[in-house]
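As structure tokens, the structure follows; a few thoughts come after it.
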């Protein structure tokens, strides 16, 4: 039986931390409903203790969404954890995700706490969260820059207190794939009780490596949960992009050997909803969900795709929610795509000479304009003026 990878979506929590991406309760509910249709395993609905608005949003999502585990973030203190538990109470299944920084830099400059104090507070937080639920996740913030011996000590302690998911964040996007995978692998090997928890990864994209780090940690490090966001939304350069990791796992199942329960046909709809609500446009060349992800402008590529899709497409557009791939006629297009589009428009040209003449007229126009409209194509084929 193929092993399963848990997809933990943090669009509504870490994604909302993108400057300018704040969402209302109603907007969060709309996205949460769509995430449920997408069939993500865990929805991190927010940070309940951060504001009354976030508390209300987490509570509303917990009341309505039934098919995904609903999670709230909480700092490692009594107030945050109690507030998270209160907001999550209506959920069918819920998780409390508590965290505290473990790097020397963060402990000294931000927390102003000693290593021993952080260790005790981490254990105390998990112990308290366990009073409300058996599903407790712990994150050592800035783990990728933390001392390995101290990290092992903290994580062994929180697992001993009952943490069932250990998330190892690359909080500032500092890691590189091989080193990050080695970190996860070493933690799992060195921590005596590591078998009692699922190891998770949460990567930021400051160096453009979030997806690569996450996937390498899964393949080579043994992580079995990826924390990610729709469209890679998140603070600074963003988070691991859900659509990219899911389609990498699906497309290269031969390499990863893992299953996800995500309904990939809902990916595009989810991406477009998040873009609409946040106002963050998706760049055209964005993998999977960008407007050009399944579009072909080169004549060589168009000819190949029209003969056999898999010459230039490793995924089907329909599998992620697009209606079809797209042939874009322009100055790089060849005769094959030109003839195919005319056929689709119901225009028949008799003989190669007439086709070549019409094609040359098309190329001359395409050299002057970025795109050629269907009306212009028909006019060119029929030797009539287009304007």
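Between residue 178 and residue 345, what is the FRET efficiency for a Förster distance of 45 Å, r being their Cβ-Cβ separation, to the nearest 0.05?
Details: r = 52 Å, r/R0 = 1.15.
The calculated FRET efficiency here is 0.30.
Note the full-extension length gain between residue 300 and residue 66 as 0.36 nm times their separation in residues minus their Cα-Cα distance, in nm to one decimal. This chain segment gains 79.4 nm when fully extended.
Placing pseudo-labels 7 Å out from each Cα toward the beta carbon at residue 37 and residue 195 gives an inter-label distance of 4.3 nm. According to the square roots a ≥ b ≥ c of the eigenvalues of the Cα gyration tensor, what is the shape class of segment 238-310, taking rounded for a/c under 1.5, prolate for a/b larger than b/c otherwise, and oblate for the remainder? It is oblate, given that a/c is not under 1.5 and a/b is not larger than b/c.
Between 318, 161, 235, the residue with the greatest mean-square fluctuation in the GNM of the chain (Cα pairs under 10 Å linked by springs) is 318.
A Förster radius of 35 Å combined with the Cβ-Cβ distance from residue 291 to residue 360 puts the calculated FRET efficiency at roughly 0.75. Most simply put, segment 3-278 has about 5% antiparallel DSSP beta bridges, counting only bridges with both residues inside it. Normalised by the number of residues in the chain, the average gap of Cα pairs under 8 Å and 6 or more apart makes the relative contact order 14 percent.
Remark: 378, 282 ranked as 378, 282, counting other beta-carbon atoms within 10 Å and listing the fewest first.
Centroid-to-centroid, using Cα positions, segment 170-244 and segment 291-370 are 40 Å apart. Using C-alpha pairs under 8 Å with a sequence gap of at least 6, the mean separation divided by the residue count of segment 1-75 gives a relative contact order of 34 percent.
Assuming 0.36 nm per residue, please report the length gained on full extension of the stretch residue 52 to residue 313 beyond their Cα-Cα distance.
Result: 89.3 nm gained on full extension.
Please give the Cα centre distance for segment 95-117 versus segment 1-75, rounded to the nearest Å. Segment 95-117 and segment 1-75 have Cα centres separated by 24 Å. Principal semi-axes of the equivalent ellipsoid, √(5λ) from the alpha carbon gyration tensor of segment 295-381, are 24, 13, 12 Å from largest down. Seen against the Cα atoms of the chain and their longest principal axis, helix 210-219 is set at about 70 degrees. Taking each DSSP H run with n ≥ 4 as -39500 (n - 2.57) and averaging over every residue of the chain yields -12500 deg cm²/dmol at 222 nm.
From least to most packed, judged by other beta carbons within 10 angstrom and beginning with the fewest, 96, 7 follow the order 7, 96.
For the chain, a Gaussian network of Cα nodes joined below 10 Å ranks 348, 11, 102 by mean-square fluctuation, and the top entry is 348. Over the C-alpha trace of the chain, radius of gyration and Dmax come out as 25.1, 84 angstrom.
So between residue 153 and residue 259, what do we pick up on full extension, going 0.36 nm a residue minus the alpha carbon distance? The partial results should precede the final answer.
Numbers: separation 106, 0.36 × 106 = 38.16 nm, distance 3.17 nm.
Taking residue 153 through residue 259 to full extension adds about 35.0 nm, to one decimal.
Spin-label pair residue 89-residue 252: with each label point 7 Å from Cα along the Cα-Cβ axis, the two points sit 4.7 nm from one another.
Residues considered: 32, 60, 358. Largest GNM mean-square fluctuation over the chain, using C-alpha springs under 10 Å, is found at 358.
Any read-out appearing in this document is the output of simple, stated calculations on the displayed coordinates, not a laboratory observation. Note that the coordinates shown come from a computational prediction; the quantities given were computed from them, not determined experimentally. All Cβ positions, glycine included, derive from the backbone under ideal geometry; neighbour counts span all protein chains shown.
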